[in-house]
Each structure stands twice: as structure tokens, then as C-alpha cells.
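Inspection log for the structure reproduced underneath, given as C-alpha cells.
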Amino acid sequence: MNPSDDIRISPILIWLILLPSLVLSTIIAYMAHIHSPFSTVFTLIAITFTLSMVLDMILIYDIVINKIPNRAFWIMSLFFMNQIGAIVYMLRRKKLLTTDSIRRAGWHR
């Protein structure tokens, strides 16, 4: 497979999925606190869960395709600390990609 044939995922797309998921999670927590109707809270939970699963699939694909160092750690952090792991990964992604490219080029000691 030609490397130029790989599907590249825009970090902007990932942030556009992650931020609404965070906002909805906050709204759900608030609505549960004020005892809102179950159907409203359940609908928001379903939307947030769907966004989180889509985000997880995109990030796992990104981790595997870009050969990020410590893949197992990043994938497990996505499963156990979903949104926090995604935020930390996205903030560290550029450095991880740079570290990996340096390592592959043989410039490390």
C-alpha cells in the first residue's frame, strides 16, 4: 500500500467531535444534579456515548496509522479515561508524531 493512499484525519475534525462531547457531558452532570426528566438526560447520554465511540475509533485509527510510541498506553487511556485521555492525546499528538519521525529516521541516541 502506498503511504500517500492512507487516510489522514484532520485534528480539527477530532476537536470538533471532542468539544461537543465535553459540553454534553457537563450538561448531563448538571441535569442529573437538578433532577431533570429521565428521557431528556437519557437522550443526551446516548448522543454523548455515540460521539465518544466515534472519537475513540478515530483516535485509535490515528494512533495505529501514525505509529505513535507507547500505543498500548494511549489506547488504554482512551478506554479508561475517555475524554481526558483524548484531550491529553490531542495536546501531545504533534510532539508524539515528531518523536516518532525522529526515531524512524535514526536520529535518536
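Whole-Hz Karplus values for region 26-40 come out as 5, 5, 4, 4, 5, 5, 5, 5, 8, 6, 6, x, 4, 5, 5 Hz, taken residue by residue from phi with 6.51 cos²θ - 1.76 cosθ + 1.60 and θ = phi - 60°; glycine and proline positions read x. Across region 79-96, coupling constants 3J(HN,Hα) worked out from phi with the 6.51/-1.76/1.60 Karplus curve, θ = phi - 60°, read 6, 8, 10, 2, 6, 5, x, 5, 5, 4, 4, 5, 6, 9, 4, 4, 5, 5 Hz, and Gly and Pro carry x.
Can you sort Met31, Met57 from fewest to most other Cβ atoms within 10 Å of each residue's own Cβ? Kindly include the intermediate steps, with their values, before the conclusion.
Values: Met31 16, Met57 11.
Neighbour counts put them in this order, fewest first: Met57, Met31.
So how do Ser36, Ser10 line up by other beta-carbon neighbours within 10 Å, fewest first? Let's see the in-between values first.
Numbers: Ser36 14, Ser10 9.
By the 10 Å Cβ count, ascending, the order reads Ser10, Ser36.
Readers should treat all values here as calculations from the given coordinates under stated rules, not as data from a laboratory. All of these numbers come straight from a predicted model, not from anything done at the bench. We place every Cβ from the backbone using ideal geometry, glycine too, and count neighbours over all the protein chains shown.
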